[in-house]
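Read-outs: derived from the displayed coordinates by stated rules, not from any lab. None of these values were measured; they are calculated from a predicted model. Heads up, the Cβs are rebuilt from the backbone with ideal geometry, glycines too, and the neighbour counts pull from every protein chain shown.
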Amino acid sequence: MHSELLDTQHKELYEFVKEITHMNLSFAHSKKLKPFLRELLLFMNRHFSDEEEFMSQINYPNLSEHKKIHRQIILEIEEIIIKESKTLNTMSKKMEDVVKNLVFKHTANEDSKIAKFYEDNFLNKNEI
Ligand SMILES: [Fe+2]
Ligand SMILES: [Fe+2]
């Protein structure tokens, strides 16, 4: 990503995903689950706002579009938590799929565009 902070956060997001899979396999109960989901959401919010800050620093042209996708991801996860809160005794497969999908797909498809923009506009300048 050309930002040490964002790279570290992406790695940490993968760790969260691993943890979710682990919780699903071990049928972790809501006592562990709720603080975990709270932590995940907090972390995602922090990562998204740091990433948005980075985009604005490099004048990334699709900042507002990317921001919208971030908000959508948060909303989607919050919605599962709200909808399933009464029955949320174990981590659901749905939550695992959504988080996995959003974290992996978003990083690969959208965040990679920020890195590409940075490379095109800031890294090649010295070679010309
Ligand atoms: Fe990201
Ligand atoms: Fe992003």
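At-a-glance table
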quantity: Flag for N24 being closer than 16 Å to N109 by Cα, more than 10 Å from the chain's Cα centre (by Cα), surrounded by 12 or more Cβ atoms within 10 Å (Cβ to Cβ) and among the polar types (S, T, N, Q); calculated: no
quantity: I69 vs. criteria closer than 20 Å to D7 by Cβ, within 12 Å of ligand 1 (Cβ to nearest atom) and of a type in the set (A, V, I, L, M, F, W, C); calculated: yes
quantity: Single match in L75, L102 (criterion: within 11 Å of ligand 2 (Cβ to nearest atom) and either in a helix (DSSP H, G or I) or not aromatic (F, W, Y) (or both)); calculated: L102
quantity: Any hit, the range 52-69, residues being within 21 Å of L123 (Cα to Cα) and among the charged types (D, E, K, R); calculated: yes
quantity: Single condition F27 does not satisfy, out of (1) at positive phi; (2) part of a helix (DSSP H, G or I); (3) not small (G, A, S); calculated: (2)
quantity: Sole exception among (1) among the charged types (D, E, K, R); (2) exposed (fewer than 12 other Cβ atoms within 10 Å of the Cβ); (3) touching a residue at least 60 places away in the same chain (Cβ under 8 Å) for E51, by number; calculated: (2)
quantity: Within the range 39-68, tally of residues that are closer than 18 Å to N109 by Cα and outside any helix (DSSP H, G or I); calculated: 3
